[in-house]
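Data first, discussion second: the structure below is written as structure tokens.
Just so it is clear, none of the values below were taken in a lab; they were calculated from the coordinates. Every value quoted in this text rests on a predicted model; they were computed, and no experiment measured them. All Cβ positions, glycine included, derive from the backbone under ideal geometry; neighbour counts span all protein chains shown.
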Amino acid sequence: MNACLSNLDFFFCICFHSDDGDDEEEEEPQPGPSKATPKPRRRRQTSMPAPPAVTPKRPRSRASSVSGGGQEEDRWCGREEMDQTPDPLKFNPARTPGPTVDTTTSWSPLTLFQLFFQCLCTKRLQAGKKYVWRPLMMPDFYTFMAIIIFSGLVSVHHRADYWKKKWPYNFSFPSDNMTRDRFEAILWSLHLSNPADDEDNERNKNTAAYDRLFKIKPLYTKIVTACQAHFQPYRNISIDERMVASKARISMKMYIKDKPTKWGYKLFVLADSKTGYTWNFFVYTGKSSSITGQGLSYSSVMDLLPFGVLGDGYTLYVDNFYTSPALYQDLRRKNFGSCGTIRTNRVGFPKTDKNDLPKQSERGDLRWIRKDGLLFVKWMDTREVTMCSSVHGAFSGQTVSRSVKEAGVWRKKAVPAPDAVLSGGKGAIDYNQYVGGVDLSDAMISYYSVSHKTTKWNDPKQMTHKEFREKLAAEMLEFAKGSFVNTSFIFLHFFQFFALYISSFFAFTLLCLYYSCVFSFANISAPVGVKCYFLCMVFFLG
């Protein structure tokens, strides 16, 4: 699937209209004597009977319908009140969940790498001023990539330290495989798009035709396509933001205070909750007018969910930036479940305060409302937690272990928890377990971060992340050396070897003649000197 670049407004403007009916006032009958003249025989009735009491009609509203649990939705229900759990969704993935490659085959780190980077565009039309440029061949590029991965395994303060010969920077790699100037030349000159097309795109700046991601589009689209082609997510998925650290002076740079990486490029990512595999993503390029009118939190989710490619029956876990009743209801219509924390000021969140959760509630107290097929829960943990779900029941008696201070002593205590937080049996925490798919993926990237971000690929043999990178760098070097052996380089290597051989032969001949002169000057007989000369020649040629 092509990644959809979303240029949508952050303003959330979901229209929510109340269906309040018009009240009809009933005239109360006025007591009084009858207009007809009463007959004498009926004068025994001395007074009129009191009219029946009329109860004023209560205004109708959307929140006055009866929920699945039998409770009216205009009040919050306690945990002792029963709720009707929605029917589970039928899981219909487009493919069998998991890796789509043959897992019975032994895959090396290099072959897995090549699945995602089959064709890398590297174009350079003119030489730079700072570094001498030579055409980039495939062996040089793989050596360059091996150095990039090596820099994530071995950290130094400055990149130039990798080529120092003095202790403690006396690394045999990368200096034995590539010079520093050649590495810097490739780093400075690496280009993913055609420079001529870049100039055409720059002419469209400040217009609707301008593409801010044009320079990375060739690699960007290939990676997204490969991520979707080689893996099918399991039942639980999550969407969140990812920050790619950058200090570049560019308007696309964002700031998110709650992220470990606060400054950089913001990506919206869909990841598998079980493995942390990044299945889809797009780069946020800035605010723009919304097409759907629902806002960025709604559109970013819809853009990351290609329903035809993904299938249906999935359960999506998100945080309170994305959660809204409008989004959850639309996903429910497409046979997608959803669960997440929600902000109380969202349009559609119940506004009633009847039987609401008290401010001084005990840990474990909860209130719930089922409205329009969605469950809204307020639960007191360390602080109040508000959640919304289309797949969970309110409360089934489950508990979670918490540390509680009683009489000055901390003890473990079983605290009641709603099913949206704690469900699935055997202590499996639904929301906390499944919402962190993107965070798990971010953690894998951060373990061995490099100056230029790389992606993490999983080895079917459960190789550790560090071992994978070490082996990948080694295989890249072997591939770079082995790729020289082809028809186009045979004659080049022959002449290079022949030139080296001839130059070394004459250099060695001069060296032997020099030592012959030294032997003569040291009163060593000429035959001995000649013998030494010929012995050296035999050793050199042999």
11 Å beta-carbon shell around Tyr322, net charge (K/R +1, D/E -1): -1
Gyration tensor over alpha-carbon atoms, the range 82-229, equivalent ellipsoid semi-axes in Å: 38, 27, 16
Filter on Lys165/Lys247; Lys334/Lys354; Lys378/Lys405; Lys247/Lys287; Lys287/Lys359; Lys90/Lys412 - keep pairs with C-alpha separation over 28 Å: Lys165/Lys247; Lys334/Lys354; Lys287/Lys359; Lys90/Lys412
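May I ask you to order 259-268, 233-242 by the average number of other C-beta atoms within 10 Å around their residues, highest value first?
233-242, 259-268
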Dipole of the range 272-382, positive end: most advanced residue of Ser273, Val283, Ile342 [Cβ charges, Cα centre]: Ile342
Placed amide H near Gln398: partners under 5 Å, 5+ positions off or other chain: Ala417
Per-q log10 I(q)/I(0), the range 263-410, q = 0.09, 0.15 Å⁻¹ (Debye; single scatterer per alpha-carbon; no solvent): -0.37, -0.91
Environment charge at Asn177 (Cβ cut-off 13 Å; Lys +1, Arg +1, Asp -1, Glu -1): 0
Listed peptides 83-90, 173-180, 196-203, 362-369 by packing density, highest first (mean Cβ within 10 Å): 362-369, 173-180, 83-90, 196-203
